[in-house]
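A short write-up of the structure that comes next.
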Amino acid sequence: MDAALLSRLQFALTIAFHYIFPPLSIGLGVILVVMEAFYIKTREPIYRHMTRFWAGVFGLIFAMGVATGIVMEFQFGTNWSAYSRFVGDVFGSALAAEGIFAFFLESGFLALLLFGWDKVSPAVHFMSTILVCLGAHFSAVWIVVANSWMQTPAGFRIVGEGMTRRAETVGFWAVVFNPSSMERLSHTLLGAWQAGAFFVLSVSAWYLLTRRHLDFARRSMKIGLAVALLSSLGSVITGDISVRVVAEHQPAKLAAIEGHYAAEAPASLNVFGWVDERNERVVGIALPGMLSFLLHGDSTTPITGLRTYAPEDRPPVNIVFQSFHAMVLLGGILLLLALAGVLYLWRGKLFEARWLLWSFVFAVLGPQLANQLGWLTAEVGRQPWIVQGLMRTTAAVSPAVKPAEILTSLVLFGVIYGLLFFLFLFLLDRKIRQGPLAEDLETAGRHRA
């Protein structure tokens, strides 16, 4: 195994593990704002209990996100120094903005959110909850902007030659609003809202099934269900828009997504299948001309296929094909679950429908898998480029780092992240078992003492 492949595997491991937590914190941030808004409006203690409980869970998730995110960013210097040298002026500005405008905002007000309930006025505390939520969203903004620039670079010029060749920013806002950033940002944020919503639904459904904290669970489920339906519908819409952007700016990725090989021909929409890369065909069920129709309104319009590109310029087709179609399938299942939940709630049967409650318990995995598959599609579909059309991934690795060193760190990261994940699950399980009133009872006990 060479240094480039090992570095890619290490970055894939660290980013996949890290990306478990930011979507949850973004989605939970929205739900915290809604819950505390109900408390501000109604002054019902149950909404205070709800907000405090989920804020405690948010704090645990935030801590895990910070710990894993820092490690991920260090790899740009250790494993990807050639890439960092080439894009530092562009990429570094977005990462710096994330630290200044997002991380400090979120972390600065998190303490007030967690510990300021009896120390500041309700209005001030509510404002801290809003700012923490905004900080989580701003973090996503700058990370997605940086990654989208790698997909569809804009607002730059190339200066220097050879080892001194690099991209230099000529328009900061052109970098921010590159051709794919806003579409990818909206899809990413809605996926995060979906992750937070189904997490709340999962825990609430578990409480209902075990006949514990029933009022808390019912009200949490109603809020989670509203966010789940909104985000699931929005994900379908923004996903369609994102595919259109890919078709315009990254036709090789689109061709890989659908296993479309013909150089210029109408493209089928594959429902499912397997890509036979040796014989350049897809074995499965397809709707002839449907991809052309969805993109252009005409089933006879040709779409650029993979044979337009040299074999070394094509992404790994089957990985991209399978990850995209699995993501779409999961998105459809989650939307159907959210619709079923709303229908049963409207009929007054949601809290007694055990099959649906059990479905929500396990559906917590759905958004996580869909988010991971979405990033896999985006990143592998861009190959062999680390910056589309400008720098190949093989040219981006650090020349001084040896494969044995990368393999050692990869194994160590795997062990450490496994232990971290076990610790996270242990602490999360303990908090859920303690229930939503634990912190309020402890606070009352301290006041009596």
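So here's what we get for this one:
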read-out	value
0 to 90° range, to nearest 10: angle between helix 317-346 axis and the chain longest Cα axis	30
Volume per residue of the C-alpha convex hull in the chain, rounded to whole Å³	163
Of Phe360, His296, Pro436, farthest towards positive along the dipole that unit charges on Lys, Arg, Asp, Glu beta carbons give the chain	Pro436
Estimated FRET transfer efficiency (Arg281, Trp355; beta-carbon r; R0 25 Å; 0.05)	0.05
Residues Thr78 and Ile40, FRET efficiency given R0 of 41 Å [Cβ-Cβ distance, rounded to 0.05]	0.30
Of Val57, Ala396, Leu269, farthest towards positive along the dipole that unit charges on Lys, Arg, Asp, Glu beta carbons give the chain	Val57
Cβ-based exposure ranking for Lys41, Lys253, Lys222, in which fewest neighbours within 10 Å come first	Lys41, Lys222, Lys253
Nearby lysines by direct alpha-carbon distance to Lys431 (threshold 26 angstrom, same-chain neighbours under 8 apart not counted)	Lys119, Lys222
Label point distance in nm, Glu312-Lys402, each placed 7 Å from Cα along Cα→Cβ	2.8
Proxy reagent accessibility, fewest Cβ within 10 Å first, across Glu258, Glu312	Glu312, Glu258
Degrees between helix 354-363 axis and first principal axis of the chain (Cα, 0 to 90, nearest 10)	50
Ordering of 223-236, 346-359, 267-280 by burial proxy (mean other Cβ atoms within 10 Å per residue, highest first)	223-236, 267-280, 346-359
Sorted by Cβ neighbour density within 10 Å, fewest at the top, the residues Tyr309, Tyr83	Tyr309, Tyr83
Expected-Rg normalisation [2.2 N^0.38 Å, Cα atoms] applied to region 232-281	1.27
Magnitude of the charge dipole, region 3-448, Cβ model with Lys/Arg +1 and Asp/Glu -1, debye to 20	1180
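Computed from the coordinates by the stated procedures, all read-outs in this text should not be read as laboratory data. Computed from a predicted model, the values in this text were never measured in an experiment. Cβ: placed from backbone, ideal geometry, glycine included. Neighbour counts: every protein chain shown.
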